[in-house]
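Okay, structure first, notes after.
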Amino acid sequence: MPEFEIDAQVVSWAQYTEFVDDGGYDRPELWSETGRQWQREVSAGMGKEFGRRAPRYVEQIGSAFGAVLALRFGLMQRMAGSAPVTHVTWHEANAYARWAGRRLPTEVEWEIAANRLQGQGFAWGDVWEWTSNTFRPYEGFAASPWVQGSTVHFEHCKTLRGASWATRERMKIPSFRGFARPARDGGFFGFRTCSS
């Protein structure tokens with residue numbers, strides 16, 4: 001494994017606000033082609049020239065507002081600046097990483113850090129974390145009779161690692177893999193960044 005450097009914490013609301021304040025949603029060079037396509041689809045769905053300018057459920061974001069106001073469980077709440085950013089798509093996470101001059105970690109990098117650096121500052125378990133990997137089977141994979149569990153999602157989804165605060169304890173192990181389509185943002189999805 002080549003050497004890499006990975007954030008000890010997931011990206012916080014305060015950090016994500018800097019990306020928004022710097023015009024991150026309006027800078028095409030930060031977005032992949034599929035990310036720009038997602039932005040166009042969101043804009044068309046909202047009947048606007050410009051679609052979302054923040055993660056799902058956010059009503060206000062930016063240093064001009066002094067906080068992030070987001071809908072949580074039906075209530076408008078002020079998000080703590082140190083709390084993990086949530087409800088981001090893979091496209092948003094990837095654009096942020098590019099903006100920061102970094103990238104999303106691979107599954108292997110994330111798992112190595114979770115196993116070796118836990119107790120040394122590497123914290124996980126608050127949000128599911130996007131990785132750079134497309135969801136594919138491991139070598140030697142054998143499908144179970146429950147096809148919906150994974151096989152139909154191979155090649156169409158990105159891999160999530162970690163767990164959220166709402167995840168069952170038995171699933172909170174560094175080797176557990178989650179997955180979601182890159183445009184999905186309904187779950188407690190966040191991310192951290194990495195560099196080589």
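Nothing in this text is a laboratory measurement; each read-out follows from the coordinates by a stated rule. Quantities reported herein were computed from a predicted structural model and do not represent experimental measurements. Every residue, glycine as well, gets a Cβ built from its backbone with ideal geometry; the counts of neighbours run over all protein chains shown.
Which of the residues that make up the range 79-108 are buried (at least 22 other Cβ atoms within 10 Å of the Cβ) and within 19 Å of Pro2 (Cα to Cα)?
Leu104, Pro105
Please state which one of Phe191, Phe141, Phe154 is hydrophobic (A, V, I, L, M, F, W, C) and surrounded by 16 or more Cβ atoms within 10 Å (Cβ to Cβ).
Sole residue among the options that is hydrophobic (A, V, I, L, M, F, W, C) and surrounded by 16 or more Cβ atoms within 10 Å (Cβ to Cβ): Phe191.
Could you please give the count of residues in the range 125-134 that are touching a Phe, Trp or Tyr at 6+ places or on another chain (Cβ under 6 Å) and over 21 Å from Ser195 (Cα atoms)? So that I can check it myself, show each step before the final result.
Applying the first criterion (touching a Phe, Trp or Tyr at 6+ places or on another chain (Cβ under 6 Å)) to the range 125-134 yields 126-131.
Among the residues that remain, those that are also over 21 Å from Ser195 (Cα atoms) are: 126.
Count: 1.
Suppose we filter the range 64-79 for residues that are of a type outside the set (A, V, I, L, M, F, W, C) and closer than 11 Å to Trp13 by Cα; how many remain?
The qualifying residues number 1.
Considering the range 58-109 alone, what residues qualify as being under 17 Å from Trp31 (Cα atoms) and acidic (Asp, Glu)?
Glu92 - this is the single residue of the range 58-109 that is under 17 Å from Trp31 (Cα atoms) and acidic (Asp, Glu).
Which ranges mark the strands (runs of 3 or more DSSP E) fully within the range 124-196 that have 3 or more residues being within 20 Å of Tyr57 (Cα to Cα) and not small (Gly, Ala, Ser)?
Where strands (runs of 3 or more DSSP E) fall fully within the range 124-196 and carry at least 3 residues being within 20 Å of Tyr57 (Cα to Cα) and not small (Gly, Ala, Ser), they are 128-134.
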